[in-house]
Structure formats: structure tokens, C-alpha cells
Amino acid sequence: MKNYKLAVVGATGVVGQKMIDVLLEKNLPISEYCFFASSRSAGKTIRFGDDVYLVKELTESSFDEDFDFALFSAGGETSLKYSPIAVKHGCIVIDNSSAFRMDETVPLVVPEVNPDEIFNHNGIIANPNCSTIQAVCALKPLDDTFGIKRIVYSTYQAVSGAGSKGIHDLENGIKKFNDESFEYSLEKFEYPIFNNCLPHIDVFLDNGYSKEEEKMINETRKILGKSNLAITATTVRVPVFNSHCESINVEFENGFELNDVMTVLNSAPGVIVVDDIKNNAYAIPTEVTGHNEVFVSRIRRDFSVANGINLWVVADNIRKGAATNAVQILEKLMNT
Ligand SMILES: NC(=O)c1ccc[n+]([C@@H]2O[C@H](COP(=O)([O-])OP(=O)(O)OC[C@H]3O[C@@H](n4cnc5c(N)ncnc54)[C@H](OP(=O)(O)O)[C@@H]3O)[C@@H](O)[C@H]2O)c1
């Protein structure tokens, strides 16, 4: 078996650090690692199992070394600048940013949903947005069986989805709550996130939607292969450290039995159904954090339309929504 050489770009970030955990758990056939970040973190150390690595500054010559694969999670601008350089050197890039997701020549992949797309790449494979990944894991098998006509997304997204600055804003808000004299400046959000809900993720667009809402709509259409599917979304940041929750209302083309919906979701890859309201059993962020699967609860008929259901979908946004999904793609590439 070949032993590969892997670059992790953005290795000091929230997603990059979780990639390291997932890589250690998966024990893939990788013989050499290199961890990159900006000049701010160059020279810091990263622990990888029993080994300690120095973080290197990402530069235009970083890919002069021959890497087989690179996992990028250092923001869109970094991906736009450095991914083509990596590809030119024969490296396959799995990119966590939004830079290439809607590029028609770049596959947008969730391994449980559209695994064959992985191999239609020209050097770059895009990881979808965290909120899209968990939604499509539940929706794809339902679409295959019942035909989805319309989706209404309402999200409750954790601060870790906004990176380390988002986490700091919630931590500092809690410190302020406990000590009125504590002073801090917001690093990420427009308003304090502690004790709040902010209907504002990423920038606002001229059409009144936020970019996060637009990402969910466009990426869902691309992954399900339905370019005209009726979808609307409201995305909200909530004061939860980790794991995104989503209320998803779905209308099907055809009639259905609720039991059949349960059966489909129970056999969906990477999906765990937790739905026993008599015993108050449903997915919540504190229980889901640390898991790689997508959890589906509160599965019930929407009595306001002919063929509708409501779902509550929760996943660890840093694992399945980012690091796990990217490393699963890497694993599939290595297994071919
Ligand atoms: N958090 C999520 O749930 C999530 C989910 C899906 C996708 N993503 C995407 O993943 C990316 C990273 O997110 P994050 O949450 O990990 O953010 P983060 O915690 O802010 O980390 C950002 C990382 O990027 C590095 N970086 C920034 N500018 C760089 C540059 N010019 N050259 C090299 N490295 C640079 C940082 O290095 P320094 O230590 O040197 O600053 C750090 O390692 C973003 O594109 C984000 O949209 C995040």
C-alpha cells in the first residue's frame, strides 16, 4: 500500500485542530505530514499523537515539496490563492472554504450522499458548508424515495462555526455575565452572542438573504442534483459552543406513510434516528458533540400541507460539518 504525504493548511484553526483529531482516529496510510498556517502561527508547535511538529508559514513555495493531498481550512482567500499552486504541483486539494463550492468544475461532496462525485475532480474537491452537510445527509435518502418538492430551513448554529473568534465572543460574554467589571471587545459578531440569537450569519446580500442562507440553498440544489428545487432558509447564530441544530420542513411530491420515512432514515448511511418523545429522547448539541454522525429527531407529519414532514437535525459542525467530512473524502481518494 502506498504511503501518502499530506499538507494541512489552517492547522491551528478550529477546523484544522479537529482534522488532526480525526486523522489520528482514522489512522490513514500517511507517512508524512506538514502543518501550515499564517505567519502569526509559524514556529508554534502542534502535537500529533506522540509526535510534535513545527507549524510552517504558508507561502507560494510551500507546495514545491511534493504533497499527494492537502486539506485546506484557512478561509476563502487563502484557498483561492494557494489551491491552484498546490494543484499545479500535482497535489489534490480538499477545500473547506466556500471559494470553489459553486464552481461547476469542482465536485461538492458528502461521502454518504454523492460519493461518486469525488472522482470527477480537476485537482480540487469542495467540502460543503457545515449546515448543508448535515441537512443533505438526512434529505438525500428521503428525496430518493419520496421526491422532495420544497424545503424550508431554519437553523440554530453554534459559535464554533464562526471559528476561534466566535468561540472567544461567547466565552467573553459568559465572563462578563459572571463579572460585570470584565471588559472585552467583540471579535466576530455584531452584537454579544451570550444570551442572544443573531439572525445574521456571514454577510447580507442585496436580496435580503444572508450569504449563509444562500449557501444552504445553492449547495443543497447542487448536491441533490436539482437546480430548480424550491428552498428557503433562515440561519441564526445561537449561544451554543458546538453542534448546529436545524428545523427542516420538507414537502414531498407524493403521499407517504410516516413509518416509511422512519425506515428510510433508520437505514440512511451516517444518520442516527433519536426519536422517542414519550421518554424525552431527541438530539441536543451537548449529546451530539464529539460524534461523526448526523442525528435526526422530532420526525412528524406537517398537517398544514398535503405531503409534508418536519425534522430536527443535529450534528457536530466541526466534525461532520467540516473535519470528518473532509477526511472521509481523503480516505475515499486513498482507497482507489
Ligand atoms: N468552523 C466551522 O464550522 C467550519 C465549517 C466548515 C467550513 N469552515 C471553513 O474552514 C475555514 C477555517 O475555519 P475555522 O473555523 O477553523 O477558522 P479559525 O479558527 O479562524 O482558523 C483559521 C485558520 O486559518 C489560518 N489562516 C488564516 N489566514 C491564513 C493565511 N493567509 N495563510 C495561511 N493560513 C491562514 C489560521 O492560521 P493562524 O493561526 O496563523 O491565524 C488558522 O489556522 C474557513 O474557510 C471556514 O469557512 C469552517
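Does SER62 fit the bill of being touching a Lys or Arg at 6+ places or on another chain (Cβ under 8 Å), more than 8 Å from the ligand (Cβ to nearest atom) and hydroxyl-bearing (Ser, Thr, Tyr)?
yes
Of (1) within 16 Å of the ligand (Cβ to nearest atom); (2) among the hydroxyl-bearing types (Ser, Thr, Tyr); (3) out of contact with any helix residue (DSSP H, G or I) (no Cβ under 8 Å at 6 or more places or on another chain), SER131 satisfies all except one. Which?
(3)
How do the strands (runs of 3 or more DSSP E) wholly within the stretch 226-312 filter down when requiring 1 or more residues that are within 26 Å of ASN195 (Cα to Cα) and touching a Pro at 6+ places or on another chain (Cβ under 7 Å): which remain?
Once the strands (runs of 3 or more DSSP E) in the stretch 226-312 are filtered for at least 1 residues that are within 26 Å of ASN195 (Cα to Cα) and touching a Pro at 6+ places or on another chain (Cβ under 7 Å), what remains is 230-237, 244-252.
Take the conditions surrounded by 13 or more Cβ atoms within 10 Å (Cβ to Cβ) and in a strand (DSSP E or B) and apply them to LEU6. Does it pass?
yes
Within the stretch 49-76, restricting attention to residues that are touching a residue at least 24 places away in the same chain (Cβ under 8 Å) and surrounded by fewer than 16 Cβ atoms within 10 Å (Cβ to Cβ), which residue is farthest from ASN3 (Cα to Cα)?
Among them, the one singled out is GLU60.
Is at least one residue of the stretch 84-101 within 13 Å of the ligand (Cβ to nearest atom), over 30 Å from LYS226 (Cβ atoms), touching an Asp or Glu at 6+ places or on another chain (Cβ under 8 Å) and not in a strand (DSSP E or B)?
Yes, some residue in the stretch 84-101 is within 13 Å of the ligand (Cβ to nearest atom), over 30 Å from LYS226 (Cβ atoms), touching an Asp or Glu at 6+ places or on another chain (Cβ under 8 Å) and not in a strand (DSSP E or B).
Those residues that are near the ligand (Cβ under 10 Å from one of its atoms), among the hydrophobic types (A, V, I, L, M, F, W, C) and not in a helix (DSSP H, G or I), I need them from the stretch 16-45; list them, please.
Selection gives PHE35, PHE36, ALA37, ALA42.
Considering the stretch 258-268 alone, what residues qualify as being of a type in the set (Gly, Ala, Ser) and surrounded by 17 or more Cβ atoms within 10 Å (Cβ to Cβ)?
The answer is ALA268, and nothing else.
Identify all residues within the stretch 226-257 that are among the aromatic types (Phe, Trp, Tyr) and surrounded by fewer than 17 Cβ atoms within 10 Å (Cβ to Cβ); write none if there are none.
Once the filter is applied, which keeps residues that are among the aromatic types (Phe, Trp, Tyr) and surrounded by fewer than 17 Cβ atoms within 10 Å (Cβ to Cβ), the stretch 226-257 yields only PHE241.
Could you pull out the residue among ILE223, ILE277 that is surrounded by 15 or more Cβ atoms within 10 Å (Cβ to Cβ) and aliphatic (A, V, I, L, M)?
One residue alone meets the criteria, ILE223.
Name the single residue, out of those in the stretch 290-329 being of a type in the set (S, T, N, Q) and closer than 14 Å to GLU112 by Cβ, that is surrounded by the fewest Cβ atoms within 10 Å (Cβ to Cβ).
Filtering the stretch 290-329 for residues that are of a type in the set (S, T, N, Q) and closer than 14 Å to GLU112 by Cβ, the one surrounded by the fewest Cβ atoms within 10 Å (Cβ to Cβ) comes out as ASN292.
Computed from the coordinates by the stated procedures, all read-outs in this text should not be read as laboratory data. None of these values were measured; they are calculated from a predicted model. Every residue, glycine among them, receives a Cβ derived from its backbone with ideal geometry; neighbour counts consider all protein chains shown.
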